[in-house]
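All remarks here apply to the structure that follows.
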Amino acid sequence: MNASFLLFALLNTSFVLLVSPLFMSLIKKVKAYAQGRKGPRLLQSYFDLRKLMQKEVVYSPNSSWIMRITPYLNLAVLLLATLFVPIVFIPETSGGVGNIIVFLYLLAIERFFTALCGLDAGSTFGGMGSSRLMSLSAVVEPTMIIAFAALAYVLKTVNFHEMFTITAGSTIPESPTLTLISISLFIIIIVETGRLPVDNPATHLELTMINEAMILEQSGKNLALIELTHTVKQTILMAVLINILAPWGLATELTLTGLAVSCLYFLIKASLLAGLIGLFESSLAKMRLFRLPGFYMMAFFFSALTILMEVFT
C-alpha cells in the first residue's frame, strides 16, 4: 500500500463525508419546488446532523449491544466502501480494493445490521420494517448482482478502479450498452436509498414505512450517524453511475489541479443527478408493496439485455 493510495483513502473518504448531506438537501429542495413549496435550505441537512449530535441517546430497555454498535458499524462499513469508488482521483489498485464482489458484500452487511437493529428494540414498527426489507432484499440483491455483473462484462474487469480508468476522459460512454446499465444503476439508487416509489423517507405512516420504521427507536448521536450513513450510501451509488455514464473530469493522476477539477466536476454532475432524482420522485406515487418486485425487474431486464447484447454482438 503506497503513499498515493493512503492519500486517496483520506481525500476520498473526507470528500464523501463532506458533500453527502448536501445532495440529500438538494433532493428535498427540488421535490419542494416541484410541489409548489419553498423547501429547506441547502445546508439544512448539516444543521440537522449537528443538532442530533448534541442530543442525548436513549435506548429501549429491550435493546442489546446490537443497537449500540450498529450506527458506528454501518458508518464504518460505508466509509470502507468509499475506497472502492474513486471520486477525487483514481489511485493504483491496492490489496484488492475496488472489487465489485466485496463492494456488494459491504452493502449487504450494512443492510443486514440495519434490519437486525430494527428487530433489536422489540418494537412492532421495527420488526415490520425489518421484515419488509428482508423480503424485498430477496429480489433486490439478485438484481444488483446481475446489474454489476453486466457492468463487469462490458468493461472486462471486476474492479471499479480499473473500470473508471477505462472510462475516465471520455465524453461519451465507452460502449452503447453502458447506457442500458445506467438505467439499472439509477433504479438501484432509488431502491437502495429507499426513495419513491419504493419507500417514502418523509413519512412515518404505518402502512408505507420500510427504512424509517427500522430507525424509529434511534435517537441523538446514533440517529445522526444513521442519517449520515444513508447520505454516504447515496453518494457512493451516485458516483458509480456518474463515473460510468458521465466520466469526464475524473482525475487519473495525483495533481493539485486535477483534484480541484475532479471535485468540482463531481459536485456539478452529482447535483444534476440529485435534481433528477428529486424530479423522478415528484412524478411518482408510492407503489403498493406487492408491486415493488415489478419495479426491480426493470433493472434486472436492462442488465440481462446488456449481457445478451454483448454476447451476441
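The values are calculated or read from the model by the stated rules, or taken from the named source; none is laboratory data. Note that the structure is a prediction, hence the values are computed from the model and not measured. Because the Cβ atoms are built from the backbone with ideal geometry, glycine has one as well, and the counts that use them run over all protein chains shown.
Below are the figures for this structure:
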item: Residue that is surrounded by fewer than 17 Cβ atoms within 10 Å (Cβ to Cβ) and either among the hydroxyl-bearing types (Ser, Thr, Tyr) or not in a helix (DSSP H, G or I) (or both), where the choices are 20, 4, 45; result: 4
item: Pairs where the first residue, in the range 117-135, is among the hydroxyl-bearing types (Ser, Thr, Tyr) and the second is not in a loop (DSSP other than H, G, I, E, B), C-beta under 6 Å, 6+ apart; result: 130/115; 130/118; 130/119; 130/214
item: Subset of the range 119-140 (residues that are assigned to a helix (DSSP H, G or I) and either of a type in the set (S, T, N, Q) or under 20 Å from residue 244 (Cβ atoms) (or both)); result: 124, 130, 131, 135, 137, 140
item: Every residue from the range 151-169 that is under 16 Å from residue 104 (Cβ atoms) and either free of Cβ contacts under 8 Å to residues at least 12 places away in the same chain or in contact with a Phe, Trp or Tyr (Cβ under 7 Å, 6 or more places away or on another chain) (or both); result: 157, 160
item: Condition check for residue 246: touching an Asp or Glu at 6+ places or on another chain (Cβ under 9 Å), buried (at least 17 other Cβ atoms within 10 Å of the Cβ) and either at positive phi or small (Gly, Ala, Ser) (or both); result: no
item: Residue 205 outside any helix (DSSP H, G or I), at pLDDT below 90 and under 20 Å from the mean Cα position of the chain (by Cα); result: no
item: Residues located in the range 262-308, provided they are in contact with a helix residue (DSSP H, G or I) (Cβ under 9 Å, 6 or more places away or on another chain), surrounded by fewer than 18 Cβ atoms within 10 Å (Cβ to Cβ) and at pLDDT below 85; result: 287, 289, 293
item: All positions within the range 277-313 that are assigned to a helix (DSSP H, G or I) and without any contact (Cβ under 8 Å) to a residue 40 or more places away in the chain; result: 290, 291, 294, 301, 308, 311, 312
item: Residue in the range 252-261 that is touching a Ser or Thr at 6+ places or on another chain (Cβ under 8 Å) and within 24 Å of residue 293 (Cα to Cα) present; result: no
item: Qualifying residue in the range 223-238 (condition: in a helix (DSSP H, G or I), touching a residue at least 24 places away in the same chain (Cβ under 8 Å), surrounded by fewer than 19 Cβ atoms within 10 Å (Cβ to Cβ) and in contact with a Leu (Cβ under 9 Å, 6 or more places away or on another chain)); result: no
item: Flag if residue 96 is at pLDDT below 95, in a loop (DSSP other than H, G, I, E, B) and buried (at least 16 other Cβ atoms within 10 Å of the Cβ); result: no
item: Residue within the range 83-90 that is closer than 26 Å to residue 242 by Cβ, touching an Asp or Glu at 6+ places or on another chain (Cβ under 9 Å) and assigned to a loop (DSSP other than H, G, I, E, B) present; result: yes
item: Residue 113 in contact (Cβ under 8 Å) with a residue 40 or more places away in the chain, crowded, with 20+ Cβ neighbours inside 10 Å and not β-branched (Val, Ile, Thr); result: no
item: Test set (1) within 22 Å of residue 293 (Cβ to Cβ); (2) touching a helix residue (DSSP H, G or I) at 6+ places or on another chain (Cβ under 8 Å) - residue 131 fails condition number; result: (2)
item: Number of the condition not met by residue 33 [criteria: (1) among the hydroxyl-bearing types (Ser, Thr, Tyr); (2) within 23 Å of the chain's Cα centre (by Cα); (3) surrounded by 14 or more Cβ atoms within 10 Å (Cβ to Cβ)]; result: (2)
